[in-house]
Structures are given as structure tokens and as C-alpha cells.
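The values are calculated or read from the model by the stated rules, or taken from the named source; none is laboratory data. As the structure is a computational prediction, the values presented were derived from the model and not from experiment. Positions of Cβ are generated from backbone atoms using ideal geometry, with glycine treated the same way; all protein chains shown enter the neighbour counts. Ligands, DNA and RNA are stripped out before the accessible areas are found, and what is left, the full protein with its side chains, is counted by its heavy atoms. Shrake-Rupley method; radii C 1.70, N 1.55, O 1.52, S 1.80 Å.
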Amino acid sequence: MGSMAKAEGINQDRITQLPDDIVSHIFSFLPTVDAVRNTLLSKKFNQVWTKLQTLDFDSEREFQKCRGGTAFLTFVSRVLYFRDGSEIRTFRLKLSRKRYLPCVGDWICTAVKRKVVELDLHLNFDVWTDFELPPCIFWCKTLEVLKLNLSPWEVTDDIPTSGCFPILKFLHVTVFNPSIREMEKLLSHFPVLEELTIDGTGEDLDDFGTCSFQVSASKLKTLRISLESLSEPVDIHVNAPQLESLDLQRLGLTNCFLDGSANSLVNASIAFREKFEIKGLFDLSDSTMELLNQVSDVKSLSVSAHCLERTEGHKELSEIHWNPPEQVPSSLLSNLKTICFKGFKGRLFEMEMIKYLLKNGQLLNKMTISTGLHLSYDRQNDLYTEFMMFHRAATCHVEFMYMEV
């Protein structure tokens, strides 16, 4: 018994002897309400919560069963009011109740005054309540990471065209039917932004008579766009002369124009819209072909085409034909080294495309072909035998990935 008590005493001492900053760091991984509860369990640590540099508030996670909604409002306000003078590095806020709206701006501005570095806002109010982004966000001189998931929202007209987001490097915007006017005001001026992600839905993006807005960021290196369920395609013009990586999902629902932004591209991933999203006849538009031409010289290109068939309703009108370009692209002749073809179905135009790539890929080292599930094992063997007969560079290895049927 004596040895057990001694061991327990040692373990207890190890915990209580930890410096406050170490304890604060450990509790920063917890929701703030849990961090506060745990620090209050020990007299030594009962003030540690006032030094937390990560604050994570979620009204539905911790206060869903509280009636009236005042418990969450009171908790957040008291945590911010009774903190010491230390900085807030990360501030996360998730809520959906309209009654909190009058306090949200003050909470955000308090985090900004405490030199917040990462701001993560997930605010979902009803359609009749617009949340106006506080101007303090735009002026914040310490903000490097901004994540916005807002519905609905607006930007004040008092924001000037320069001086905003002075050190912001990462921006992730999840939109739900915003107006083009608000998108343009938010996305127009980023002096040092390096990574931008835009996703969500945009049914009402044409409410001002146009479906077009511009992203302007002179230092932008990575751009991801995935807008879903658009009744009409939205045109996004990108002015980013240092852009290196482009990830574009549901091409056709979103049209991307790289206005002077393609010369520096290194990696590009483009996925066409899903087949079930197509209404009526679908053809590759001129803008889509222009985009594909602009990214043809990148070092790594991934193209996912789920709907390269001409369809109307459920009736297939015709099979797509492979029409090779009049001149072999220079990137295929002198740059391309690896090709991965996924979802191969054994159709004629696929065979012709692969034959063309193998024939003209002078520096090809490897082509990997993954088949669809509907192909029989015998059919897959026949196709592989045919591939082996295609002319290709001596250094090129063809790998056929069999799928079990």
C-alpha cells in the first residue's frame, strides 16, 4: 500500500508541476468549454483558461440542450471579458441562432484586438438575416488564416480597394447563394494571399444580371474552386500571375478564365461536372477548350471527365469520337513522362486516344490504365494484348490495372 501511494503521489506531482504554458497548450486542443471546466478542477490551474491562445466555441456542440440560448452567449462573453492580456492565436466560432447576431461582431473584434492569427467563422442564420463582416477583419494586421462559412452575409460598402488583409496568406470561403457584388468586394484585393479555396453553392449568383466575378491576388500560388448546384455556369476570372497549382471541380458549372495566370502553372487538376448534373445536350464549350489549352504545358495534369458523352435526358445520341489535334502538342513531344488513365471502358475513342498518346509521347516512361468494373476478365486480357501492339517509346512501360468483376 505504501508503494502504491508513493507512486500516485509521484504521478500527481508530475501533473501539478507542469508549467502553465504547457498546460495551456494541452487544453488548446479541447473545445473551450471543456478546457475551462478542466482547468477549474485544480487550484493551481484554475486561471490557465484565461491564457488559452486557442478559443473554440460551438453553440450546437456544447449548448444544444440549453433553453433560450443565453448560456452560450454568457459563456463566450465571459471567457473573452475575463481573459488576461495574452494574445488569441486561433478563434473558432460556430453558431446558427439569430439571437446571437448582435454579439458576433463584438466577439470577432475582440479576437482581432488580441492579435488573432487564424479566424474560423461558421455562421448559418436564416435567409432573412444578413451577417455583415466586421470591417476589423479587413484591417487586421496579424490575420494570416481566414475561413468563412457564412449564410447569408454581406460586406460593408466602406471597405476601400486597397490596404485590406495586409498579411493574409490562406483564405477558405464556403458560400451559399451569395450575391456577385459581395463576392467581388471580398475577393478583389489580397496583397500577399498564397492559397485560396472557394466552394459551396451559388444558385443566386446571377442576381445582378451577370454570372461573373474576379479573383485578384498577385502572390497567389494555389487556387481551388468547387461550386455546386448552379442553375447557370458562373464565370470566374483569375488574375494571379504567380499561380502554380489549380484545382477546379465541376468544370461546366464553373468556368475559369486564367487571365494572365497560366504561365507559372506547375500542377493542374480539372474535373468535369458529374453526368447526373447535366441538363440537355452537353458539349465542351470554347472556354473549356481554351482552359485545357492553357494548362497543357504544366508538369502534372489530372483531368477527370465523367460526362464525355452527348446525352439528352436518358437517351444517348452519339458516341464521342477522338479527333486528334492537327499538330502534336509540344508538351506531349518533349515533356510528358507519366500518364494515368482511370475508368477505362474499352470504347473505340479511348483506344484511339491511348494509341495516339503512346505513339507521340517521345519521353513517356509509364502509362497506367485502370479499367472499369463492367469489363470481363477475358475482355481485359484482350485489351491488354492490343495495347502491347501499339507503337510507343522504347522506355515506356504500360501497366494495365485489372479490376475484379
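Round to the nearest 0.05 the FRET efficiency obtained for Lys113 and Thr50 when R0 = 22 Å and r is the Cβ-Cβ distance. Once the sixth-power term is evaluated, E becomes 0.90.
For the range 74-167, the list of trypsin sites (Lys or Arg not before Pro) that fall in a loop by DSSP and count at most 12 other C-beta atoms within 10 angstrom reads Lys141. Measuring r between the beta carbons of Ser96 and Lys337 and using R0 = 56 Å, the FRET efficiency lands at 0.70. Heavy-atom accessible area with a 1.4 Å probe sorts Val303, Val145, largest first, into Val303, Val145. Remark on Cys256: its backbone amide H falls under 5 Å from those of Ile236, a criterion applied only to residues 5 or more positions apart or on other chains, H modelled at 1.01 Å from N.
The alpha carbon radius of gyration of the range 144-191, expressed as a multiple of 2.2 N^0.38 Å, is 1.13. Distant-in-sequence amide contacts of Ser212, defined by a placed amide H-H separation under 5 Å and a gap of 5 or more residues or a different chain, comprise Asp235.
FRET efficiency for Asn38 and Arg224, Cβ-Cβ distance as r, R0 = 41 Å, nearest 0.05? Could the numbers behind the result be given before it?
Values: r = 37 Å, r/R0 = 0.90.
So the FRET efficiency works out to roughly 0.65.
For Leu243, the solvent-accessible surface with a 1.4 Å probe is about 0 Å², rounded to the nearest 10.
A probe of 1.4 angstrom, applied to the heavy atoms of all protein chains, finds Asp157 with accessible area near 110 square angstrom. Amide H contacts for Ser370 (H built 1.01 Å from N in the peptide plane; partners 5 or more residues away or on another chain; cut-off under 5 Å): Phe341, Lys342, Gly343, Phe344, Met401. Whole-Hz Karplus values for the range 321-326 come out as 10, 7, 10, x, x, 4 Hz, taken residue by residue from phi with 6.51 cos²θ - 1.76 cosθ + 1.60 and θ = phi - 60°; glycine and proline positions read x.
Each residue of the range 143-160 was assigned a 3J(HN,Hα) from its phi angle through the Karplus expression (A = 6.51, B = -1.76, C = 1.60, θ = phi - 60°), giving 6, 10, 10, 10, 10, 10, 10, 10, 7, x, 7, 8, 10, 4, 6, 7, 6, x Hz with x at Gly and Pro. Counting heavy atoms of the protein chains alone, Met401 has an accessible area of about 80 Å² for a 1.4 Å probe. Simple spin-label estimate for Asp157 and Asp130 gives 1.0 nm between the two label positions (7 Å along the Cα-to-Cβ direction from each Cα).
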